[in-house]
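Beneath this line is the structure, given in structure tokens, with notes to follow.
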Amino acid sequence: MDRSARAFWLHAPGRGEIRDVSLPEPAEGEVLVKALWSGVSRGTETLVFRGGVPHNQYETMRAPFQEGDFPGPVKYGYLSVGVVEEGPAHLLGRTVFCLYPHQTRYVVPASAVTPLPAGVPAERAVLAGTVETAVNALWDAAPLIGDRIAVIGGGMVGCSVAALLARFPGVRLQLVDADPARAEVAAALGAEFAAPAEARGECDLVVHASATEQGLARALELLRPEGTVLELSWYGDRRVTLPLGEAFHSRRLSVRSSQVGTVSPARASRTYAERLALALELLADPALDALITGESGFEELPEVMPRLASGEIPALCHRIRYSG
């Protein structure tokens, strides 16, 4: 069996490279996975690529199978789908999802891979990590039937949240983004679309995922009295100014955070594995294909990542294809 592999590394902020890797022999309880697809989580991964992780968040931001350290050299990523080439009989030949960086083959504990449910194609399963973030966010937010909800920020996370909220009965749901091109994505997901100035107010809940202080300020403006903003944005090393004067106190507004690194306290009885398995089941919905907006070959990653980071490639999820 071939024990060679190739991996994408961030050599230094703004510069990536492909490195050769020698794989170990899988031990008992481990699997060898051959990558089929991976996804670039544009918000987090491009922030890492630019060197924007704050020093005091170096440990918090570590990916499960990260090698190296921020700001670089570092091997970072967490949206990989592949087929098990070696391992326990019940996994051999199965297509699985793993929170692994961009690499052609890799060896991990069998417990680190999750088989894809029937009806979920490998090409779509690269979204599992982001849909898992959306699941955790909605456990935190606890929306109710008939709620008036806005999702501000039509990126990968915001669109995943909107896709799940569109399944709630009776909700008034708007996806809010400054880019009018997101209207087509919103329609595919079953949500209304609005530019920030045109968004409807009196919301019970606003999920903020634009990673801009303008978006967060607009989120507060859209709330009804005693409404809640659920903050999903990751700002990295940027400071954000928030208008907590004005009507913030008199209207008794709330801002709370949500982060996928911890299972929501509202579902503390669930494990990380159960949360990921649920996210994969939800990916049976073909509407989520609207979140995959570009594709490149693995060997192109050193040229593609700078273009994703600069916005030259305006992707939601950019899918990486492996061959051979």
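The values are calculated or read from the model by the stated rules, or taken from the named source; none is laboratory data. Computed from a predicted structure; not experimentally measured. Reconstructed Cβ throughout: ideal geometry from the backbone, glycine too, with neighbour counts over all protein chains shown.
Among what's in segment 28-53 and is small (Gly, Ala, Ser) and at pLDDT 95 or above, pick the residue that is surrounded by the fewest Cβ atoms within 10 Å (Cβ to Cβ). Before you say what the answer is, go through the steps one by one.
First pass over segment 28-53, keeping only residues small (Gly, Ala, Ser): 29, 35, 38-39, 41, 43, 51-52.
Next, only the ones that are at pLDDT 95 or above stay: 29, 35, 38-39.
Values: GLY29: 10, ALA35: 23, SER38: 27, GLY39: 30.
That would be GLY29.
From (1) within 30 Å of ALA268 (Cβ to Cβ); (2) at pLDDT 95 or above; (3) not aliphatic (A, V, I, L, M), pick out the condition that doesn't hold for PRO121.
(1)
So ARG256 clears everything in (1) under 17 Å from the mean Cα position of the chain (by Cα); (2) assigned to a strand (DSSP E or B) except one condition, right? Which one?
It fails just one condition, (1).
What number goes with the only condition from (1) modelled with pLDDT of 95 or more; (2) more than 22 Å from VAL120 (Cβ to Cβ); (3) in contact with a Phe, Trp or Tyr (Cβ under 6 Å, 6 or more places away or on another chain); (4) crowded, with 21+ Cβ neighbours inside 10 Å that ARG19 does not pass?
Condition not satisfied by ARG19: (4).
Could you check, for segment 148-165, whether at least one of its residues is of a type in the set (D, E, K, R) and without any contact (Cβ under 8 Å) to a residue 40 or more places away in the chain?
no
Quick check on ALA63: is it over 30 Å from ALA183 (Cβ atoms) and either modelled with pLDDT under 95 or buried (at least 18 other Cβ atoms within 10 Å of the Cβ) (or both)? Give the derivation first.
Working: over 30 Å from ALA183 (Cβ atoms): yes; either modelled with pLDDT under 95 or buried (at least 18 other Cβ atoms within 10 Å of the Cβ) (or both): yes.
For ALA63, the condition - over 30 Å from ALA183 (Cβ atoms) and either modelled with pLDDT under 95 or buried (at least 18 other Cβ atoms within 10 Å of the Cβ) (or both) - is met.
Quick check: is even one residue across segment 292-313 modelled with pLDDT under 95, surrounded by 14 or more Cβ atoms within 10 Å (Cβ to Cβ) and in a loop (DSSP other than H, G, I, E, B)?
Yes, that holds for at least one residue.
Is it true that ALA134 is surrounded by 24 or more Cβ atoms within 10 Å (Cβ to Cβ), more than 22 Å from GLY297 (Cα to Cα) and either among the acidic types (Asp, Glu) or at pLDDT 95 or above (or both)?
Values: surrounded by 24 or more Cβ atoms within 10 Å (Cβ to Cβ): yes; more than 22 Å from GLY297 (Cα to Cα): yes; either among the acidic types (Asp, Glu) or at pLDDT 95 or above (or both): yes.
Considered against the rule, which asks whether it is surrounded by 24 or more Cβ atoms within 10 Å (Cβ to Cβ), more than 22 Å from GLY297 (Cα to Cα) and either among the acidic types (Asp, Glu) or at pLDDT 95 or above (or both), ALA134 comes out as yes.
As an exercise: evaluate ALA268 against (1) of a type in the set (A, V, I, L, M, F, W, C); (2) over 28 Å from ALA178 (Cβ atoms); (3) free of Cβ contacts under 8 Å to residues at least 24 places away in the same chain; (4) surrounded by 15 or more Cβ atoms within 10 Å (Cβ to Cβ) and give the number of the one condition it does not meet.
Failing condition for ALA268: (4).
For segment 191-202, state whether one or more residues are without any contact (Cβ under 8 Å) to a residue 12 or more places away in the chain and not hydroxyl-bearing (Ser, Thr, Tyr). Show your work before the answer.
Step one: of segment 191-202, the residues without any contact (Cβ under 8 Å) to a residue 12 or more places away in the chain are 197-198.
Still in the running and not hydroxyl-bearing (Ser, Thr, Tyr): 197-198.
Among the residues of segment 191-202, at least one is without any contact (Cβ under 8 Å) to a residue 12 or more places away in the chain and not hydroxyl-bearing (Ser, Thr, Tyr), which makes the answer yes.
For segment 226-261: of the residues being among the small types (Gly, Ala, Ser) and in contact (Cβ under 8 Å) with a residue 60 or more places away in the chain, which is farthest from THR46 (Cα to Cα)? Walk me through it before giving the result.
We begin by selecting, within segment 226-261, every residue among the small types (Gly, Ala, Ser); these are 227, 233, 236, 245, 247, 250, 254, 257-258, 261.
Narrowing the set further to residues that are in contact (Cβ under 8 Å) with a residue 60 or more places away in the chain leaves 233, 236, 258, 261.
Numbers: SER233: 14, GLY236: 11, SER258: 20, GLY261: 19 Å.
Out of the qualifying residues, it is SER258.
Filter segment 228-243 for residues that are assigned to a strand (DSSP E or B) and among the aliphatic types (A, V, I, L, M); which is farthest from the chain's Cα centre (by Cα)? Before the answer, list the steps.
Filtering segment 228-243 down to residues assigned to a strand (DSSP E or B) leaves 228-231.
Keeping just the survivors that are among the aliphatic types (A, V, I, L, M) gives 229-230.
Details: VAL229: 19, LEU230: 16 Å.
Looking at the filtered set, the residue picked out is VAL229.
Look at segment 55-81 and say how many of its residues are over 23 Å from SER111 (Cα atoms) and hydroxyl-bearing (Ser, Thr, Tyr).
Total satisfying the criteria: 1.
Check VAL21, VAL40 and return the single one that is within 22 Å of the chain's Cα centre (by Cα) and either closer than 17 Å to ASP237 by Cα or in a strand (DSSP E or B) (or both). Before the answer, list the steps.
On the way: VAL21 fails: within 22 Å of the chain's Cα centre (by Cα).
Criteria check complete, one pass: VAL40.
Kindly indicate the residue of segment 68-108 that is over 17 Å from MET305 (Cβ atoms) and free of Cβ contacts under 8 Å to residues at least 24 places away in the same chain and also surrounded by the most Cβ atoms within 10 Å (Cβ to Cβ) among those meeting that condition.
If we take residues in segment 68-108 being over 17 Å from MET305 (Cβ atoms) and free of Cβ contacts under 8 Å to residues at least 24 places away in the same chain, then ARG94 is surrounded by the most Cβ atoms within 10 Å (Cβ to Cβ).
Taking VAL171 and the conditions (1) buried (at least 21 other Cβ atoms within 10 Å of the Cβ); (2) of a type in the set (Val, Ile, Thr); (3) at pLDDT 95 or above, which numbered condition does it fall short on, given that it satisfies the others?
Every listed condition holds for VAL171 apart from (1).
Please work out which one of (1) more than 30 Å from GLU226 (Cα to Cα); (2) assigned by TED's automatic domain parsing to the domain that holds ALA217; (3) not aromatic (Phe, Trp, Tyr) is the condition ASP140 fails and give its number.
(1)
Select, from ALA162, ALA183, ALA187, the only residue that is at pLDDT 95 or above, surrounded by 22 or more Cβ atoms within 10 Å (Cβ to Cβ) and either in the same structural domain as LEU316 (by TED's automatic domain parsing) or not in a loop (DSSP other than H, G, I, E, B) (or both).
Residue meeting the stated conditions: ALA162.
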